[in-house]
Amino acid sequence: MSLPVTFHVLGVKVEHDENVGAVIVGFDANINYYKIQYAQLCINENPGCEFIATNLDAVTHLTDEQEWAGNGAMVGAIKGCTGKEPTVVGKPSPLMVDYIVNKYKIDRHRICMVGDRLDTDILFGTDNGLQTCLTLTGVTSVDKLLSDANVIRPDYYVDSIVDFLPVSVA
């Protein structure tokens, strides 16, 4: 029995680029131990190296068959070996909406965040003073939305994004 090729580097010193100034963790279906070790070295050994996460989604939907571990699992692996918290640049971080509001001089209350996740999309909207609309075609079911355990409430919800389109009469 042979080990997978990705494990051939165990027990050896991993060299890393000392000029790396940021490690950005986004979804990677090919994550492996070597990539985690390389990220750890850059963050812990390169002075001022930033740790940035695109999102902290616990799960993602790569197929209709099942939920898969999301970017939060990858970020968690890097957090675990560095002891550092990332700067999150995606939802629910305010960076995106602050940029839009400032650049286009838009009143936050006139923006509606539409999405299918309570913990990212709707939380992003509520935390940033936006109106929110949950679509029930993705991660969140109506049972989860209406559950007493759910503390994140959208302003509106629809069965599908199609509900936004005008009904055509044939």
Scope region 42-59; condition part of a loop (DSSP other than H, G, I, E, B) and closer than 23 Å to Gly138 by Cα; matching residues: Thr54, Asn55, Leu56, Asp57, Ala58
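Table: residues versus (1) touching a Pro at 6+ places or on another chain (Cβ under 8 Å); (2) part of a loop (DSSP other than H, G, I, E, B); (3) modelled with pLDDT of 90 or more.
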residue: Met113; (1), (2), (3): no, no, yes
residue: Val139; (1), (2), (3): no, yes, no
residue: Pro154; (1), (2), (3): no, yes, yes
residue: Val162; (1), (2), (3): no, no, no
residue: Val167; (1), (2), (3): no, yes, no
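Select from region 43-95 the residues that are of a type in the set (A, V, I, L, M, F, W, C) and either on the phi > 0 side of the Ramachandran plot or in contact with a Phe, Trp or Tyr (Cβ under 8 Å, 6 or more places away or on another chain) (or both) and list them in ascending order. Reasoning before the result, please.
Just the residues of region 43-95 that are of a type in the set (A, V, I, L, M, F, W, C), to begin with: 43, 49, 51-53, 56, 58-59, 62, 68-69, 73-75, 77-78, 81, 88-89, 95.
Those that are of a type in the set (A, V, I, L, M, F, W, C) and either on the phi > 0 side of the Ramachandran plot or in contact with a Phe, Trp or Tyr (Cβ under 8 Å, 6 or more places away or on another chain) (or both): Ile43, Val59, Leu62, Met74, Ile78.
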Given the options Gly90, Gly115, name the one that is over 30 Å from Tyr33 (Cα atoms), among the small types (Gly, Ala, Ser) and surrounded by 14 or more Cβ atoms within 10 Å (Cβ to Cβ). Gly115
Take the residues in region 131-166 that are hydrophobic (A, V, I, L, M, F, W, C) and loosely packed, with under 13 Cβ neighbours inside 10 Å, then tell me which one is farthest from Ile111 (Cα to Cα). Ala149
Is one or more of the residues making up region 32-41 aromatic (Phe, Trp, Tyr), in a helix (DSSP H, G or I), assigned by TED's automatic domain parsing to the domain that holds Pro154 and farther than 27 Å from Lys144 by Cβ? no
For the structure I just gave you, tell me whether Phe27 is surrounded by 14 or more Cβ atoms within 10 Å (Cβ to Cβ) and either in a loop (DSSP other than H, G, I, E, B) or on the phi > 0 side of the Ramachandran plot (or both). yes
Is it the case that some residue within region 109-120 is of a type in the set (Gly, Ala, Ser) and assigned by TED's automatic domain parsing to the domain that holds Ile24? no
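Any idea which of Asn71, Asn150, Asn55 is under 19 Å from Ala22 (Cβ atoms), polar (S, T, N, Q), touching a residue at least 24 places away in the same chain (Cβ under 8 Å) and touching a Lys or Arg at 6+ places or on another chain (Cβ under 9 Å)? So that I can check it myself, show each step before the final result.
Numbers: Asn71 fails: touching a Lys or Arg at 6+ places or on another chain (Cβ under 9 Å); Asn150 fails: under 19 Å from Ala22 (Cβ atoms).
Asn55 is the lone residue from the list that is under 19 Å from Ala22 (Cβ atoms), polar (S, T, N, Q), touching a residue at least 24 places away in the same chain (Cβ under 8 Å) and touching a Lys or Arg at 6+ places or on another chain (Cβ under 9 Å).
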If I go through region 52-77 residue by residue, how many of them are surrounded by 15 or more Cβ atoms within 10 Å (Cβ to Cβ) and within 21 Å of Ile122 (Cβ to Cβ)? 12
When Gly80 is evaluated against the numbered criteria (1) part of a helix (DSSP H, G or I); (2) exposed (fewer than 12 other Cβ atoms within 10 Å of the Cβ); (3) touching a residue at least 24 places away in the same chain (Cβ under 8 Å), which criterion, by number, is the only one it fails? (3)
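Could you grab me the full set of residues in region 83-111 that are among the hydroxyl-bearing types (Ser, Thr, Tyr) and assigned to a strand (DSSP E or B)? Show your work before the answer.
First pass over region 83-111, keeping only residues among the hydroxyl-bearing types (Ser, Thr, Tyr): 87, 93, 99, 104.
Matches in region 83-111: Thr87 only.
The values are calculated or read from the model by the stated rules, or taken from the named source; none is laboratory data. The structure displayed is predicted, hence computed values, not measured ones. A quick note on method: Cβ atoms are made from the backbone with ideal geometry, for glycine too, and the neighbour counts reach across all protein chains shown.
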